[in-house]
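Colleague: Please see the structure below; I have some questions.
The values are calculated or read from the model by the stated rules, or taken from the named source; none is laboratory data. Fair warning: this is a prediction, and the values are worked out from it, not measured in the lab. Please note: Cβ atoms are built from the backbone with ideal geometry, for glycine as well, and neighbour counts cover all protein chains shown.
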Amino acid sequence: MRKIILLILTVSTIIIAQQRDSSIIFVSDTQAPMWIETLRLQEHDNEKATKLIYRAIEQESTAVAAFHLGDITSIGMIDSYWSSFDEFHKHLRVPLYPVLGNHEYFFFKKPALEQFQKRFPTMSAMWYSVVLQSVAIIALNSNFSQLTEDERFQQQTWYLEQLSKFESDTSINSVIVVCHHSPFTNSTIVDPSRGVQRYFVTPFSMYQKTAVFISGHAHSYEHFRKNGKELLVIGGGGGLLQPLLIEREQRYYDLYNQMNTMRFFHYIECVVQQNSLQFFVKKLRNDFSGFDVADSVTVLTKK
């Protein structure tokens, strides 16, 4: 078993020592379907899909950390709704870093966040950064309506400081930014987040070392490129899959060359190499017999 050393520097910065060619896992939107959602969207053995994704993540031999980009569960305030995740978390051998999704606030903020805090007692900050050797991951809270004006200001100030700090840090070669709500998506169910575009993506696009922006919320896989930066939507962790606008109806040009309205369940493995980051989209086969690489994205790191 790989030895992992954790050093908590502040409530919002964590460093993980790692070996070369290790990997980081990203997954999002693993919540079980809610009855009201099934009136509009079709089920596809969603809870089984989530369990298979969890099992595959547990077996990723080179992983040193995993990030969950929100909507871990469908109703955050109910303890029993966390059971599938709790079982996964118990067996996961690497640290898991969560991002708050909108379902983590359901249906009442205070008891819902208490359930979240119960699972992640050391995560006192709603936004934070993690450094894995030469890679910095900045995790943000995109639930703007759940934040006070002061909290939004604090997060934005901190975010800009982090981007500037990592840009000038010679030990950091690349920066990944993650949040729950997608700035760009062709989903027919959820809209792109204008707030994430304005407050998160605009600053992200201004720096040399920012490599990839990853989000969920839209239950699909999508790949966009804006201002020379890669943006991935990875909301295929087991929630009800959402149809996409395709071809001429697209809001944004999707680089993933599969013009189907429905995509697939998936998670992402990011392999950290000396001069690049390689993102492998691991698709659950339609018959649930295993996983295939559906797409790969390579980003050269900046010295």
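Colleague: I need a count of the residues in the stretch 97-111 that are under 20 Å from the mean Cα position of the chain (by Cα) and either outside any strand (DSSP E or B) or farther than 22 Å from residue 46 by Cα (or both).
Modeller: Narrowing the stretch 97-111 to residues under 20 Å from the mean Cα position of the chain (by Cα): 97-106.
Among the residues that remain, those that are also either outside any strand (DSSP E or B) or farther than 22 Å from residue 46 by Cα (or both) are: 97, 99-106.
The total comes to 9.
Colleague: Follow-up. Could you tell me how many of the residues in the stretch 171-185 are touching a residue at least 60 places away in the same chain (Cβ under 8 Å) and out of contact with any helix residue (DSSP H, G or I) (no Cβ under 8 Å at 6 or more places or on another chain)?
Modeller: Taking the stretch 171-185 and keeping what is touching a residue at least 60 places away in the same chain (Cβ under 8 Å), we get 173-174, 176, 178-181, 184-185.
This time we only want the ones that are out of contact with any helix residue (DSSP H, G or I) (no Cβ under 8 Å at 6 or more places or on another chain), so: 173-174, 176, 178, 185.
Matching residues across the stretch 171-185 total 5.
Colleague: So how many residues does the stretch 31-40 have that are in a loop (DSSP other than H, G, I, E, B) and either surrounded by fewer than 17 Cβ atoms within 10 Å (Cβ to Cβ) or free of Cβ contacts under 8 Å to residues at least 24 places away in the same chain (or both)?
Modeller: Filtering the stretch 31-40 down to residues in a loop (DSSP other than H, G, I, E, B) leaves 31-34, 39-40.
If we keep only those that are either surrounded by fewer than 17 Cβ atoms within 10 Å (Cβ to Cβ) or free of Cβ contacts under 8 Å to residues at least 24 places away in the same chain (or both) as well, we get 34, 39-40.
Looking only at that region, the number is 3.
Colleague: Run down 280, 264 and say which single residue is among the hydrophobic types (A, V, I, L, M, F, W, C), within 18 Å of the chain's Cα centre (by Cα) and not in a strand (DSSP E or B).
Modeller: Values: 280 fails: not in a strand (DSSP E or B).
Residue meeting the stated conditions: 264.
Colleague: Follow-up. So which strands (runs of 3 or more DSSP E) are wholly in the stretch 151-243 and hold at least 3 residues that are on the phi < 0 side of the Ramachandran plot, at pLDDT 95 or above and aliphatic (A, V, I, L, M)? Even if it seems obvious, please write down each step before you answer.
Modeller: Numbers: elements: 174-178, 210-215, 221-226, 229-234.
In the stretch 151-243, the matching strands (runs of 3 or more DSSP E) lie at 174-178, 229-234.
Colleague: Would you mention how many residues in the stretch 203-220 are more than 21 Å from residue 272 (Cα to Cα) and either among the β-branched types (Val, Ile, Thr) or crowded, with 18+ Cβ neighbours inside 10 Å (or both)?
Modeller: 5
Colleague: Another one. What number of residues within the stretch 283-295 are acidic (Asp, Glu) and either in contact with a Ser or Thr (Cβ under 8 Å, 6 or more places away or on another chain) or part of a strand (DSSP E or B) (or both)?
Modeller: At the first step, the residues of the stretch 283-295 found to be acidic (Asp, Glu) are 287, 292, 295.
Filter again for either in contact with a Ser or Thr (Cβ under 8 Å, 6 or more places away or on another chain) or part of a strand (DSSP E or B) (or both), leaving 292, 295.
Summing the residues that are acidic (Asp, Glu) and either in contact with a Ser or Thr (Cβ under 8 Å, 6 or more places away or on another chain) or part of a strand (DSSP E or B) (or both) in the stretch 283-295 gives 2.
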